[in-house]
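Encoded as structure tokens, the structure appears first; notes follow it.
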């Protein structure tokens, strides 16, 4: 576990999570998904779809939805996810999700991982509800819903889009990398190798 600066987590009342690869074990092969959708390699999927003609964009998005729902059935909770969410609940913290997936996919994933009871449906924002990360609008929307301020918030994610969104929103950023490589550590206030390690900081 690495820490880029000393941070206090205990006072943070509002916790926002990425889903795939953060709350769940990563299973997405994004290169294969781009190839199946006929998109260019190494470029963000949603941004590519947004640039397509409307009819084509609708077809590609429908196929993406189907792929994601197939993957949702395979989802498993990440190490420490239940422990962390239970600790946050015991502290009265509010928790939400901002994901680049669809809302339907997020709900299916949470059900497969037995995590759905931790998140109120209105606190799970998919790509239909807010501009995709790294845009911070999803985080801002959740904080407005809760009546919270950025300095009270934590954004937890496994990729640069999550950390950039958290930084732009003014939240504390936590970077989870089970491989312990931390290529985006400069964007994080705190870097950990698991949610279990993060939960231990809330003892």
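Descriptive notes on the structure:
- None of 83, 79 is closer than 30 Å to residue 203 by Cβ, assigned to a helix (DSSP H, G or I), in contact (Cβ under 8 Å) with a residue 40 or more places away in the chain and touching a helix residue (DSSP H, G or I) at 6+ places or on another chain (Cβ under 8 Å) except 83.
- The condition of being in a helix (DSSP H, G or I) and outside the structural domain of residue 153 (by TED's automatic domain parsing) holds for only one of 89, 55, that being 55.
- Here residue 154 clears all of (1) more than 12 Å from the chain's Cα centre (by Cα); (2) closer than 24 Å to residue 76 by Cβ except the condition numbered (1).
- The condition of being out of contact with any strand residue (DSSP E or B) (no Cβ under 8 Å at 6 or more places or on another chain) and either surrounded by fewer than 22 Cβ atoms within 10 Å (Cβ to Cβ) or over 28 Å from residue 45 (Cα atoms) (or both) holds for residue 108.
- When each of 68, 83, 47, 116 is tested for being out of contact with any strand residue (DSSP E or B) (no Cβ under 6 Å at 6 or more places or on another chain), under 25 Å from residue 178 (Cα atoms) and not assigned by TED's automatic domain parsing to the domain that holds residue 129, the lone residue that passes is 68.
The values are calculated or read from the model by the stated rules, or taken from the named source; none is laboratory data. It should be emphasised that the depicted structure is a prediction, and the values quoted were computed from it without experimental measurement. Heads up, the Cβs are rebuilt from the backbone with ideal geometry, glycines too, and the neighbour counts pull from every protein chain shown.
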